[in-house]
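Colleague: Following this message is one structure expressed as structure tokens.
The values are calculated or read from the model by the stated rules, or taken from the named source; none is laboratory data. From a predicted model like this one, the values you see are computed outputs, not experimental measurements. Cβ coordinates were reconstructed from backbone atoms using ideal geometry, including for glycine residues, and neighbour counts include every protein chain displayed.
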Amino acid sequence: MDEQQDRAALKLVIYPLLFGLSALLLHLWRLDAKSIWIDEALTAYHSTFSFSELWSTPVTNKPPLYYALTSWFWSPGGNAFALRLPAAILGAVLVAVGWLFGRVLAGERGGHWLALFLLLSDINLHYSQEARHYILLMLGWMLLMLAMARMLGQLSEDAPGAPRPGDLLTWSLGALLMAHAHPVGFIYLAASLLAWLVGLLASRRTPPPFLSLPLLMTGAVVATLLPWLFHAIDNASIVFEWLRQPSPDRALIEWISLFGAKNLALLTGRSSAIVASA
């Protein structure tokens, strides 16, 4: 019995590691083949600021975490490979976490298939070779889904008790990365919390700790971003000018741009969208 447990524990390390290393090798292949484009140039520029400057001044309307990570690998005068290396590493970690998530959903075979899907996914490969925040957002979301799946599985036990500390830590880390990756992370967080509430209702068992603790952890994580948020809004009002528009629909279009989704301006009406694209 002990030998089987040891073998199972070893698989929990070996399989994610193998898939993660395979993903890293794939991401590193031709990592610097493409020229740096304008958004990556902005990443390079913002990475020259210290974390305290990014945190306390209206330098950017994106959270400073990814810029801080980039500054560990890239410095002015560095090449595209170094600039994109953090994304390549984060994408490899995403594949490894994907194996763990797939295992929770459908056993080892499920872990293999999900990790393989992420490994070969053109979207994952694209964002793993681009010096932008989006792969950090994807990793945070995957960690959050892993924690949700594990806690829902715990609810099926006879005496679930309270969420395991490791699952709460995974939840918090996922929420932290999502909130500190990109403003759109708040939308994904809200959708994830809604999915969690639906999962609790579907399980027909809602011990108070399974409702209160994840909500408290998420709220605490979001609160860590509040000191920076005021500077981000200040920056966004200058860059996108959404506070200085002649009409509410134009202001809405520019505000949507803050979330990197200007195409959603179509929701405000065709005439407004035409004005925005002009």
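Colleague: Tally time: how many residues in region 182-222 are in contact (Cβ under 8 Å) with a residue 40 or more places away in the chain, outside any loop (DSSP other than H, G, I, E, B) and over 24 Å from TYR67 (Cα atoms)?
Modeller: Residues in region 182-222 being in contact (Cβ under 8 Å) with a residue 40 or more places away in the chain, outside any loop (DSSP other than H, G, I, E, B) and over 24 Å from TYR67 (Cα atoms): 11 in total.
Colleague: Can you tell me which residue in region 149-163 is surrounded by the most Cβ atoms within 10 Å (Cβ to Cβ), limited to those that are closer than 19 Å to SER192 by Cα and either in contact with a strand residue (DSSP E or B) (Cβ under 7 Å, 6 or more places away or on another chain) or without any contact (Cβ under 8 Å) to a residue 60 or more places away in the chain (or both)?
Modeller: PRO163
Colleague: Out of the helices (runs of 4 or more DSSP H) lying entirely within region 60-177, which hold 3 or more residues that are over 19 Å from the mean Cα position of the chain (by Cα) and at pLDDT below 95?
Modeller: Answer list for region 60-177: 80-120, 134-155.
Colleague: Any idea how many residues of region 19-47 are surrounded by 14 or more Cβ atoms within 10 Å (Cβ to Cβ) and either more than 23 Å from LEU114 (Cα to Cα) or over 20 Å from the mean Cα position of the chain (by Cα) (or both)? Even if it seems obvious, please write down each step before you answer.
Modeller: Here is the first cut: in region 19-47, the ones surrounded by 14 or more Cβ atoms within 10 Å (Cβ to Cβ) are 19-20, 22-24, 26-28, 31-32, 36, 40, 42-44, 46-47.
Narrowing the set further to residues that are either more than 23 Å from LEU114 (Cα to Cα) or over 20 Å from the mean Cα position of the chain (by Cα) (or both) leaves 22, 26, 28, 31-32, 36, 40, 42-44, 46-47.
The total comes to 12.
Every residue, every condition in (1) free of Cβ contacts under 8 Å to residues at least 60 places away in the same chain; (2) over 30 Å from THR224 (Cβ atoms); (3) touching a Pro at 6+ places or on another chain (Cβ under 9 Å), yes or no:
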site	(1), (2), (3)
GLU3	yes, yes, no
LYS34	no, yes, no
TYR66	no, no, yes
VAL97	no, no, yes
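Colleague: While we're here: Looking at (1) closer than 21 Å to ALA68 by Cβ; (2) in contact (Cβ under 8 Å) with a residue 60 or more places away in the chain; (3) surrounded by fewer than 19 Cβ atoms within 10 Å (Cβ to Cβ), which is the only condition ALA179 fails?
Modeller: Answer for ALA179: the failing condition is (3).
Colleague: Against the definition (small (Gly, Ala, Ser), in the same structural domain as LEU177 (by TED's automatic domain parsing) and without any contact (Cβ under 8 Å) to a residue 60 or more places away in the chain), how does GLY77 come out, yes or no?
Modeller: Numbers: small (Gly, Ala, Ser): yes; in the same structural domain as LEU177 (by TED's automatic domain parsing): yes; without any contact (Cβ under 8 Å) to a residue 60 or more places away in the chain: yes.
The answer is yes for GLY77.
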